[in-house]
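Colleague: Here it is: the structure, laid out below.
The values are calculated or read from the model by the stated rules, or taken from the named source; none is laboratory data. If you're wondering where the values come from, they're calculated on a predicted model, not measured in any experiment. In this analysis, Cβ positions are derived from the backbone assuming ideal geometry, glycine residues included, and neighbour counts consider all displayed protein chains.
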Amino acid sequence: MIDFLKEYFFQWGLAIPLCFLMGMINPVLGILCILTIGLIYFVFQSRSQIAIFYLVILILGDSRSYQLAFFKTGRLIILLILTIWTIQDLIQKRYSLQKGILWILPFIILGLISTIIFSPIKFLSYQKTVSYLLVSFVAFHFYADWLWGNEAKNFEKLLHFTAVCLGLGLGLLIIYPDAVMFGERFKGIFGNPNGIGLTCIMWLPYFIFYSISQDRSPSLQWWLYVCLIVLSLILSNSRNGLAGSVLFVGLLWWFKNGTRRFTFFWVILPFVVWFFTSVDFIQLLIQIGLGDYLRVESIKEASGRALSWSFALEQIPKVFWMGGGFAYEEYVYEHLVPPSLQMFREMSSTWNSYLTLMLNNGIIGTTLFLTFIFAQLKYAQRNLRWKMLGYLVAILLAAIYETWLTSSLNAYTIFFLIMITYFHNPPQTFSNKTKI
């Protein structure tokens, strides 16, 4: 950790605070500051610096504060720089084009066609379509090479980064709690409590697979970092985050060998289906004392999401086959929702990734997108395919209650895509200097 803080002292101690300061004076100055820093990293080929810098910008760009809105533009600027960098690497044959990325092209092409024919907000739709392609392109190449290449020396930097982000939020909880609380729930440095819940789902697999790849038991530092994730999850009171994390760990264990996989599909899964259809699950949670913590009174209505889902289901038949293009759901929720769904108009969101996919890309686009995701199993190393399946199931189920999966410029999608590349080409050896 000390080495990490020393290496990124300039970025975290000067560059990012400077962006804050310039952005507070004038958003344009903040954007220019981000652009300048990105270009400096590009000119001096500071891969590790820009890799972490982009992740920081993504997190800050998810803030709901209007004063930090310039970071949203900054996300696109750094993405374009990373795209140019990745193309340069491919030309110089630093790495080859990954076949797995080709599966996203039919989805993107359909998105462009839908935009041309149906979208009422064409410019925004084009931008979101292209940005999804670019984020996937950068994740499958630049970040995959940065993390898993060269004996995975940069893997531990990513783990340190996650620990700093979570630790900063927990530290502020003690010093200045109003900055990291959303009502009675902990949100850390993220936009909302569900944001930190999603982040923990995304980050936990990195720690687990890092541990699996080691030839020794996890260190005390590793356990401390995992405790930061668990503590952040508990304080956030994010049901989605808690359930997704538990499901991932459970599936990883159940899919460990053939016998367990057999019992999962023929014993455990039928039992779970029977349990949830036969037992009053909400009353059970109340009886064991978890009713207040898990806010069971809002489970049936999915914390109000059911109203939004109902409205989305009414709109989907209008664009059933090809959708209305990327960002179409934002247009629908901004212009067509009734007064009773005012909250969802303000959020411009269905709060469900798959309903958003159906609105934006139709049944054809949704099928193409899921094909892209599950086609990655084909490129996973044979001994990791079941682990990858468990990971995909847990993450994709967590997308039912949020819309992050359909958005590229957030703090979650890129971690999901990068982890997919781990299964394609996991590091065979780790640097002797790894300490976590």
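Colleague: Run Ser340 past the list (1) part of a loop (DSSP other than H, G, I, E, B); (2) at pLDDT 60 or above; (3) over 25 Å from Lys128 (Cβ atoms) and report the number of the one that doesn't hold.
Modeller: For Ser340, the failing item is (1).
Colleague: Further question: One residue is enough: does the stretch 172-182 have a residue meeting the conditions at pLDDT 95 or above and either under 19 Å from Asn410 (Cα atoms) or part of a helix (DSSP H, G or I) (or both)?
Modeller: no
Colleague: Restricting to the stretch 183-211, count the residues that are surrounded by fewer than 18 Cβ atoms within 10 Å (Cβ to Cβ) and small (Gly, Ala, Ser).
Modeller: Final tally of qualifying residues: 2.
Colleague: Please specify each residue of the stretch 13-47 satisfying the condition of being farther than 15 Å from Leu60 by Cα and of a type in the set (Gly, Ala, Ser).
Modeller: Once the filter is applied, which keeps residues that are farther than 15 Å from Leu60 by Cα and of a type in the set (Gly, Ala, Ser), the stretch 13-47 yields Gly13, Gly38, Ser46.
Colleague: Something else now. Take Trp103 and decide whether it is in a helix (DSSP H, G or I) and modelled with pLDDT under 95.
Modeller: no
Colleague: Please find, among Glu402, Glu346, the residue that is modelled with pLDDT under 90, surrounded by 21 or more Cβ atoms within 10 Å (Cβ to Cβ) and charged (D, E, K, R).
Modeller: Glu402
Colleague: Something else: Identify, from the list Ile52, Ile109, the residue that is assigned by TED's automatic domain parsing to the domain that holds Ala144 and aliphatic (A, V, I, L, M).
Modeller: Of the residues listed, the single one that is assigned by TED's automatic domain parsing to the domain that holds Ala144 and aliphatic (A, V, I, L, M) is Ile109.
Colleague: Quick check: is even one residue across the stretch 167-182 touching a helix residue (DSSP H, G or I) at 6+ places or on another chain (Cβ under 6 Å), among the aliphatic types (A, V, I, L, M), surrounded by 16 or more Cβ atoms within 10 Å (Cβ to Cβ) and touching a residue at least 24 places away in the same chain (Cβ under 8 Å)?
Modeller: Scanning the stretch 167-182, I find no residue that is touching a helix residue (DSSP H, G or I) at 6+ places or on another chain (Cβ under 6 Å), among the aliphatic types (A, V, I, L, M), surrounded by 16 or more Cβ atoms within 10 Å (Cβ to Cβ) and touching a residue at least 24 places away in the same chain (Cβ under 8 Å), so the answer is no.
Colleague: Sticking with this structure for a sec: Can you tell me how many residues in the stretch 62-72 are crowded, with 19+ Cβ neighbours inside 10 Å and under 18 Å from Leu39 (Cα atoms)?
Modeller: 2
Colleague: Out of curiosity, is Leu370 part of a helix (DSSP H, G or I), assigned by TED's automatic domain parsing to the domain that holds Ser119, modelled with pLDDT of 95 or more and out of contact with any Cys (no Cβ under 6 Å at 6 or more places or on another chain)?
Modeller: So Leu370 passes the test.
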